[in-house]
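Values in this text are rule-based calculations from the coordinates and carry no lab data. If you're wondering where the values come from, they're calculated on a predicted model, not measured in any experiment. Please note: Cβ atoms are built from the backbone with ideal geometry, for glycine as well, and neighbour counts cover all protein chains shown.
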Amino acid sequence: MKLHVKLLGGATALATFFVPSDGWASSHREAPFITKNPKVDGTDVYAFNSYQPGRDGYVTLLANYIPFQDPTGGPNFFTMDPDALYEIHIDNNGDAKEDITFQFDFAQMLANGSGITLPVGPAGDTQNVAVPYIAIAPISATEDTGQNLFETYTVNVVHGDRRTGKSQSIAAVAGGTTFRKPLDNIGLKTIPDYDTYAAAFIYDVTIPGCTPPNGTNARLFVGQRKESFSVNVGQIFDLFNLQPSGTGGNVANILGAQFQGFDDLVSKNITTLALEVPASCLTTDAQHPTIGVWSTASVRQARVINPTPTFDNPTREGGPWAQISRLGNPLINEVIIGLKDKDKFNSSEPQNDKQFAVYVTNPTLPEVIELLFGGAGVRAPDLFPRADLVATFLTGIPGVNENGATGEMLRLNTSVPPTSRSAQNTLGAATCFDPANADTNAQLNLSRAGCDPAGFPNGRRPGDDVTDIEIRVAMGFLLNTTVAPSGQLPFVDGAGTNALVFEDAFPYLRSPKPGAPQVPPPGDPVPAADAGDLQ
Amino acid sequence: MKTAFLILGLVFAAACDDNDSSDTSGPGTGSDDPENFTAFVIDMIEQHTDAVSAPIAFGVFAELPDDDTNNVHAYDSLF
């Protein structure tokens, strides 16, 4: 789901929020082909001015991959694809082309080269047999002798074109250019203190060509986290199976409270690539503070399966890199782009986004909502082309995060001061508009009470409720009520979020849910017979 | 290599993209045109993995004949 909010600009205040169209799980399994490649399925991108105390001047970049991770999904859990290339791109000069790219390249290896073995057999005639698990003893930050599988990665920063630009290695301040990724949260018996364990994999790093503020360092982390997106995706894809009124029941009320106790992703995990970089190293200069951010994943164009696979060589992959995942603003591909073009969008670049313009100028999401809730009086905006959505989606908000580029990117004005965690508004910069009326579009008003310009769509923070923002914008929140009669309705999906459910420090997203022990979710108790079996 | 079969999977996604990023100058073009899909794939992996180039356009290989659907040794040279 994506919601773009497009704010309008400065003095003229035309308010155009943009909103992508329908869907909701930011970008989880959003296109047919990517469902065959879950390890490279980018699900969410966050870019915000760091609000951890003491980190002024830094920008945090988070790129999530591998959707719908069930914490119990062993025994192999959710390793990254060692044959793929994961990237975070930055456009800092407004041409919709990457100027800086952070490239993550993963590797995995068995302990001691061939894995942990145990002597099995009668005394005096044992055989050393490889174990089937990725850990056979408790693991901590200082004790990993029982760990059977290791993941490492390198990160390069590329200035210029992602394939032909100047590529240099990011290095740990402590030395070395190879970093370790923690094991996924197998369970409390394997990793008793996951918070402390994972914290040991946060690296202070040096980025070539980048001078950090005095006394500080850029930071890097890659690892499993608790799913950071919230959405009632099941209900939404079930013909928006939301209640149009407060009748309650087992589905959310589309016009009810932001958080109604439902969130289909609440028990899932995700894998996060996190970087915290000085803003001055991402922008060209102080006069051009806005950056465009998007993530991608690419694989080699050819893959031949090894009929006699080994751990190291299950396939032979080669040829040029072929991009098969792309993500900037949340929900764009999921709910805006038509089914026939979703795979094309994933392989595309922002500089070529005009090919998808019709999906923004004539969005289908509002029409779908009217079809489903027209009986309750809901009406889609009647104004085409949707200039409000085009502006937010393709150009940024004048006076806020417009950067001169035409292309779908998450745009962050790095000069907007961060809002502390406790003061953030879940509706982000959408709170900075005076509401529309019959004669006037919503007006940007940065002095409005509660205005939080440091949030989506000016970048995106973990606690921004982008789903609710985007639905409202799609339904015409920024348009006058003559053309958008339902534009001022408080649409929600019922799955709320806020900054307080995330950490106040890098990498902000919380530790993943453990695979065991499992606590049955409320309303879904273990059947009596099964409970007996467990005793 | 065992008697088994070989399965070939080609990642088509990017190659299907019709924007300007696809490369029409890779394997399957020019004087060394591969005669079939197998040769195209082997040439791509052996000769173009480290080269800086965009994905090969789908049209370059979409119609190449696959003469090895029953040849379990077609890709032996890659392993």
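Across the stretch A:218-224, in residue order, what do the Karplus-derived ³J(HN,Hα) couplings come to in whole Hz, using 6.51 cos²θ - 1.76 cosθ + 1.60 with θ = phi - 60° and x for Gly and Pro?
Each residue of the stretch A:218-224 in turn: 5, 9, 9, 8, 9, x, 6 Hz.
Is there a simple number for the mean count of other chain Cβ atoms within 10 Å of the Cβ of residues in A:310-320, and what is it?
Averaged over the peptide's residues, the number is 6.
Based solely on its DSSP helices, what 222 nm [θ] is calculated for the protein assembly as shown when runs of n ≥ 4 H residues each add -39,500 (n - 2.57) and the sum is averaged over all residues, nearest 500 deg cm²/dmol?
Value at 222 nm, helices only, nearest 500: -2500 deg cm²/dmol.
From the cross-link list A:LYS39/A:LYS340; A:LYS97/A:LYS181; A:LYS39/A:LYS181; A:LYS39/A:LYS354, which pairs have alpha carbons spaced over 25 Å apart?
Distance filter (> 25 Å) returns A:LYS97/A:LYS181; A:LYS39/A:LYS354.
How many Cβ atoms of partner chains, on average, are near each residue of A:208-218 if near means within 10 Å of its Cβ?
For this peptide, the per-residue mean of nearby foreign Cβ atoms is 0.
Tabulate in residue order the Karplus-calculated ³J(HN,Hα) for the stretch A:459-473, using 6.51 cos²θ - 1.76 cosθ + 1.60 with θ = phi - 60°, rounded to whole Hz; enter x for Gly and Pro.
x, 7, 9, x, x, 6, 8, 5, 5, 5, 4, 5, 4, 5, 5
Hey, can you grab everything whose amide H is under 5 Å from the amide H of A:ALA135? Only 5+ residues off in sequence or another chain; H modelled, so Pro and N-termini drop out.
Hits under the 5 Å cutoff: A:ASN148.
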